[in-house]
Each structure stands twice: as C-alpha cells, then as structure tokens.
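Quick notes on the structure that follows.
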Amino acid sequence: MRTRAIEPPRVPRESPVVAMAGLLSVLLSGLLPLPAEAQIGAVVVRSPRPFGLFVGDRFGATVEIEAVDGFAPQAASLPKPGPLTYWLDLTAVSVAPGPARDGNRLWRLSLTYQTFYAALDVRRLDVPAFTVTFASEAPRATTSAVAEVPSWPIGVSPLREIQPPPVADPVEYLRPESPNPRRDPALPGALAWAFAGLGLAGLLALARDRAWWPFRHRPARAFAAAWRQVRRQAVRRDAEAAYREALLALHRGLDRTDGRRVMGEDLAGFLVRHPAYAALTQPLDRFFRASREVFFGRDPSLAQRDWPMPDLVATARRLAAAERAANAGGHS
Amino acid sequence: MNQIRPADAALTDWRQVALRFEAEIAKAVIGQERAIRLVTIAIFARGHVLLEGDVGVGKTTLLRAVARALGGAYERVEGTVDMMPADLIYHTYLAEDGRPRIEPGPVLRRAEDLSVFFFNEINRARPQVHSLLLRLMAERSVSAFNREYRFPYLQVFADRNRVEREETFELPAAARDRFLMEIGMEAPTDPGMRRRLAFDPLFHDTDALIQEVAQDVIDQASVAGIAAAIQHGIHASPALEEYVVRLWSAIREPGQAGIALPDVAMDALVQGGASPRGVAFLIRAARVRAWLEGRDMLLPEDLRAVFPETMAHRIFLEPVYEMRRESILPALCRAVLDRVPAP
C-alpha cells in the first residue's frame, strides 16, 4: 500500500484552512494487491481538494481502479448515493471505463460527496472506505473480484474564526504585508484632464451657441437676450405693462443688432443689411405697427387686439432662432 | 389709426395741396427731394429757413420756385457789406423835381401782404441788419414812419454760402436761433441727375425754369390756420415726450449721454444752444412731417427726419471746435439719434 500523506503547510498565511488551499490537489493512493484477487490492480483515490471544507460543501473524488480486461464493476456493488455517515452524504456516483493497457483496464469512479460536519476547529475526518465488486463479463463466468477502496482523509474547517495558538510577541500574528501594486497615475490623470477640458470646451461652445452666461450680452446675440426678456414678461400678471416691456425688449434687440436705433421707417433698410431676418418681414412690420400704437398712438390697447402677446412671443422666438442660424452660418 | 381721421378732412385736403406744392417745386429743382420736403415742412410750421450750401447748387432757384408756388407777395434783397437796416425799410432817392424823397423800402413796400422775404447772402450783411431781421422774424413786425407795420404771413428765407469767410459776418446766436431750420443743399450725386443738370438746356435758363412752376399752389393767407390745426391735430404721446426730453439732454450733454466722437473732448464740446424755443421748433416741424406722411400721431421717425436741420444750427460749440463745425455737428446729431433709445 502506497500512500502520500498531506504535507503540513510550511508558511501558514491567514489560517490553516486557507493555507492548505495552497496545495492544488492531494493524491491518495492505495495499492491493494490482495493475493486471492489477482484480477484487481492498483486502486488510486484522487481528491482535488480534500481540505478547507465547510459545512455543506460538496467535494469530489475520483477513484481509479485497475482491473484485468474483461472484468467490469458490478453496478450493484457501487456505493449508493445517500447518507454514508451522520455527517457525510454521497450525492452522485458515476463509473466510466478508461483505456486498456497491458491487458488491464482502468476504471474511473467519479464520486461527489457533501459534508455536513459543523466543525468547531480544523480537523481531519476520514471518508469511509468501501468496496467495489468486479465480475467477469465472459458468458457464464462466475469469477468476481473485490476492489477495496481505502478511506482517505479530508480537512474540515469551522465557519467561525479560529483562535490562533498563543505566541510570545503579538506582532508575530501580523502577516507580512503584500506589496501594493504600483500603478502609474499619469495616464488616468491626463485622461481625466483631457475629458474635463473637452467637456468644458463643449459646454462653452454650447453656451456660446445658445448665448448663455457669460455670452449673454454678446452684441451678435441681441435677439437671444430680447427673447429671454420677452419670455419673462409673458408670464407677468400685468398684461399691459408686460406687453410694453416686451415691445421695448424687441426694440433693443433690433437696435443692438443694427448698431443704431431702428425705427419703423428703417425696417426695409434693416432687412437689406441683415438678410437673415427677411423671412420675418411681416411679423416685424406688425411689430412696428403695434409699437407705434402702444407708445405713440391715442389708444394703446388697440395694439394688443391686432397683435396679441402670443404673436409677439412667437416673433421673438423666431428672431432668436434666425439670429442663431445666421451666426452659425457665419453671416448675419 | 395711422391715417388721419375723417373729421380732419381739411387736413387731408391740405395734405394733397402740400404734396402738389412739392411736386411743382420738384419740376424746377431736381435731385433735392429732401430740401423740398424740409422747405414744405417749414412753410406749414410757419418757420423761417436758412439755406446753406455751395455756390450754384440751386439755393436761389429753389427759393424762387417756392416763392412762385407759394403765392403772396415776394421781396428779395442781396446782402452786402455796406447795407444798413434803413436800406431795407426805406427807399431814399431824388425825385424828378430834385427834392429828396423817402418811400417804403423792400420790406414795407408790400406791407401786410408780404409772404416771402428772400434774403440772399445773409452773411454778407452787417450785424445791424441781422438785428433788424431778428425783430422781423421774431415778431413779424417792424417800426417805420412812426407806426408799426405787421406782416402776418411773412416767412423769411435766407441763404448763405459757406465758401467765403472774408468780409462776412457770422449770424448772431439769437438770429440763428430764430430760424426754424438750416437746410444744407448739396449738388445731386446721382450721375444721371448730374448729366441732366449739365446738358439739359432746361436748367440753363433759370427764369424759364421758374416759369414752369405753377403759381399760387398754396393760399398763403390760410397757411397760418392750417398750421395751427396741424399742431393741434397731431398727437404726441407721453412716450414721445420722454423721447424728446432724452434727445434734448443728450444733445446738451453728449458726454453724459455716453456719446463719443473721435478727437473731441465730449464734456467740453457744447457751449450752449438747443434752447427751449429750438426744441419747440423741432416738435412743430416734426408734427408737420407726420402730417405730410399722412399720420395723426408723432413718431420718433418724424423727429429724426427734421432733427439735424432744426437743431444743428442752434447748437453753439466751444471756440476750439467751432472751426470744425461742419464735420462735428452732423456727426453729433447722428450720434445722438443713434444713441437715444426710441421708444
């Protein structure tokens, strides 16, 4: 019988359980050369991770059994899924024939266990041994052989933390710190600045296009300012005063656009100088007529009947839009 | 309510007459629509007019045409250095019997019927003559032969050319302020117009040209009544009154109004002028302009149209700038109109 024992961890890190995780697999092997059963060769138990198991964990094991070609495991002799002990269940069993070599065939038994052992400390438990009966597949043969699979140990760990063994100097409890990864902040920093700059530039461009602060008082955006004022006036309660103020706002917008005072008689000249507003000839004409009635006429209330506030607001909006389009196109 | 109300039918009829008057003048004087319009405004505002301009641009022709179309009596004198006020009022001569005689002079000759008194080259006359003219313009009356002569229809048209400065006398401020307008006349710039003026024989003979103008288009005697009706009929709103006040203070204190002209210290530019009378004249002229445009309300456009002509000549600049008057004042008027918000 050949056995390779679990090596105790040389450098335990966080806990014994985790320390054992450093080992990738454990190979337990048992050679059972029973004299009477020469048909069975080596029996090897391979358990990928026989340690660090918590309550409820599933763990697998592969049992390789060498048998003389012509012998096959009897299905009835395979371990049955179900509780094995009070703390261990077998949940799945499968068997598959492997390659034949030198007249022997390797049978591979895949076993899945589940532990219910609620460990209070790290401890070693043994998975119970079992036997598998191999029978000759020849017709009317009665020869059979029993392969004995030995028990093998597993390490179970408690869910709760473990009191480490007392040491003289508590500093020894501290593990050496893993070195911090050294990351270069230059590239992310540069990217952050670049994106911030890009965003700011975009915001500035948008603010300029929409004549927001700090571009509110650009001479080229006189109608944008007028439109803002008209919008403010439109919600005022005193309709008469609001109408007057809105008219004045539009007057100032025209004045600033032209760089001089634009009066009703100048409308044709204004449209020649600023062809961008040619589409608004009619509303502008009505605007000047309304303005005359309000500011210079005998009956200021007439104007609102001919050209109500919503028309005024719409004209202001169209003027601002025309202005924006003209400036975007590079002419006005 | 842009049109004149039907109730003011007389005003509407008179407007047609005024437009016909303009058309008649335009037959004799081409390319001077603005000057003609301003003279018409002056007639219906009952104001005196000072014409200023280069020699040979048609100042005299315009005034002769106006006098012909305006009807009423017409007198004309030429300003000279040795002219004295008495020369205007009295005509002294030796009669056939060898005895000296004194008859009424050019001003008194037509007595009350005098409607157009045309003073040519006014800046050649002496200040004594200017002061007589001042009374004639301001009060439309003069004392002579121990009695007072009244001229209810009188309108003084004067011209001065701006080329010569030797042996001329600048009009005193008070006399200048009494002119409703100073109209500058320039030769037309349109090439077609210039070709016509140079080659069309019609414009070579001024007398024949004046004969083209229909006589007595306007009944001079009723102008005073219609002028008063215009002043009452054209509505000036509070907003417009505010605009006028703003204009007034801007032209008096251009520096404070934020007006800047190149090479001019704005705070030390205007010495005086722009009198209340001047502003009243401005409104009078603007109302007539509104009426000629067929409106019954006064607009900033009307003020702007007559502003330089009615205001510029009554603004007196600091002596440093007086020599550059011709360039500074138009720029100042333009700047004021461009600066003051309307409404």
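The values are calculated or read from the model by the stated rules, or taken from the named source; none is laboratory data. The structure displayed is predicted, hence computed values, not measured ones. All Cβ positions, glycine included, derive from the backbone under ideal geometry; neighbour counts span all protein chains shown.
A:Pro275 falls short of the stated requirement of being more than 18 Å from A:Ala326 (Cα to Cα) and either more than 9 Å from chain B (Cβ to nearest Cβ) or crowded, with 19+ Cβ neighbours inside 10 Å (or both).
Condition test on B:Val279, is it under 29 Å from B:Val17 (Cα atoms), part of a helix (DSSP H, G or I) and of a type outside the set (D, E, K, R)? Yes, satisfied. Looking for something within 14 Å of chain B (Cβ to nearest Cβ), surrounded by 20 or more Cβ atoms within 10 Å (Cβ to Cβ) and under 53 Å from the mean Cα position of the chain (by Cα) - is there at least one such residue anywhere in the range A:225-239? Checked the range A:225-239: at least one residue is within 14 Å of chain B (Cβ to nearest Cβ), surrounded by 20 or more Cβ atoms within 10 Å (Cβ to Cβ) and under 53 Å from the mean Cα position of the chain (by Cα). Against the conditions (1) within 13 Å of chain B (Cβ to nearest Cβ); (2) within 16 Å of A:Ala328 (Cβ to Cβ); (3) of a type in the set (Lys, Arg), A:Arg252 satisfies every one except (2).
Could you list, in sequence order, all residues of the range B:204-240 that are away from every other protein chain (no Cβ under 14 Å) and without any contact (Cβ under 8 Å) to a residue 40 or more places away in the chain?
So the first thing to find is which residues in the range B:204-240 are away from every other protein chain (no Cβ under 14 Å), and the list is B:204-231.
Hits for the range B:204-240 are B:His204, B:Asp205, B:Asp207, B:Ala208, B:Gln211, B:Ser222, B:Gly225, B:Ala228.
Among helices (runs of 4 or more DSSP H) lying entirely in the range A:216-332, which contain 2 or more residues that are within 30 Å of B:Gly233 (Cα to Cα)? Steps first, please.
On the way: elements: A:222-234, A:239-258, A:267-273, A:281-296, A:301-306, A:309-329.
Filter on the range A:216-332 gives A:239-258, A:267-273, A:281-296, A:301-306.
So in the range B:175-189, with the set limited to residues that are in contact with a His (Cβ under 7 Å, 6 or more places away or on another chain) and of a type outside the set (D, E, K, R), which one is farthest from B:Gly31 (Cα to Cα)? Here the answer is B:Ala175. If the condition is being among the small types (Gly, Ala, Ser) and within 18 Å of the chain's Cα centre (by Cα), then the range B:258-281 contributes B:Gly273, B:Ala274, B:Ser275, B:Gly278, B:Ala280. When the helices (runs of 4 or more DSSP H) confined to the range B:112-231 are screened for residues that are touching a strand residue (DSSP E or B) at 6+ places or on another chain (Cβ under 8 Å), of a type in the set (Lys, Arg) and not assigned by the TED database to the domain that holds B:Leu282, those reaching at least 1 such residues are found at B:127-139, B:173-178. Determine which member of the set B:Ala125, B:Ala158, B:Ala138 is surrounded by fewer than 16 Cβ atoms within 10 Å (Cβ to Cβ) and either modelled with pLDDT of 85 or more or not aromatic (Phe, Trp, Tyr) (or both). Result: B:Ala138 is the single residue among B:Ala125, B:Ala158, B:Ala138 that is surrounded by fewer than 16 Cβ atoms within 10 Å (Cβ to Cβ) and either modelled with pLDDT of 85 or more or not aromatic (Phe, Trp, Tyr) (or both). Within the range B:262-281, the residues that satisfy the criterion of being of a type outside the set (D, E, K, R), under 19 Å from B:Arg304 (Cα atoms) and out of contact with any Gly (no Cβ under 8 Å at 6 or more places or on another chain) are B:Gly273, B:Ala274, B:Ser275, B:Pro276, B:Gly278, B:Val279, B:Ala280. Checking A:Gly259, A:Gly269, A:Gly330 one by one, the residue that is modelled with pLDDT under 90, out of contact with any His (no Cβ under 6 Å at 6 or more places or on another chain) and under 21 Å from B:Leu303 (Cα atoms) is A:Gly259 and no other.
Of all residues in the range A:255-272, those being within 11 Å of chain B (Cβ to nearest Cβ) and among the hydroxyl-bearing types (Ser, Thr, Tyr) number 0.
Among residues of the range A:278-332 being away from every other protein chain (no Cβ under 14 Å) and among the hydroxyl-bearing types (Ser, Thr, Tyr), the one that is surrounded by the fewest Cβ atoms within 10 Å (Cβ to Cβ) is A:Thr281. Within the range A:97-113, being farther than 12 Å from A:Ile65 by Cα and surrounded by 18 or more Cβ atoms within 10 Å (Cβ to Cβ) holds for A:Leu111, A:Tyr113. One residue stands out among those in the range B:282-307 that are at the interface with another protein chain (Cβ under 9 Å from one of its Cβ atoms) and in a helix (DSSP H, G or I): the one that is nearest to the chain's Cα centre (by Cα), which is B:Ala305.
Residue-by-condition table, conditions (1) over 24 Å from B:Ile30 (Cα atoms); (2) surrounded by 14 or more Cβ atoms within 10 Å (Cβ to Cβ):
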site: B:Arg195; (1), (2): no, no
site: B:Asp200; (1), (2): no, no
site: B:Ala208; (1), (2): no, no
site: B:Ala221; (1), (2): yes, no
site: B:Gly225; (1), (2): yes, no
site: B:Ala228; (1), (2): yes, no
site: B:His235; (1), (2): yes, yes
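If you go through the range B:306-328 and keep only what is without any contact (Cβ under 8 Å) to a residue 40 or more places away in the chain and surrounded by 20 or more Cβ atoms within 10 Å (Cβ to Cβ), you end up with just B:Pro308.
Restricting to the range B:241-256, name every residue that is more than 14 Å from chain A (Cβ to nearest Cβ), surrounded by 14 or more Cβ atoms within 10 Å (Cβ to Cβ) and assigned to a helix (DSSP H, G or I). The answer is B:Trp248, B:Ser249, B:Ile251, B:Arg252. Taken over the range B:257-281, the criterion of being surrounded by 15 or more Cβ atoms within 10 Å (Cβ to Cβ) and farther than 26 Å from B:Gly47 by Cα is satisfied by B:Ala257, B:Ile259, B:Leu261, B:Val264, B:Met266, B:Leu269. Among the conditions (1) under 21 Å from B:Leu51 (Cβ atoms); (2) away from chain A (no Cβ under 14 Å), the only one that B:Asp263 does not satisfy is (1).
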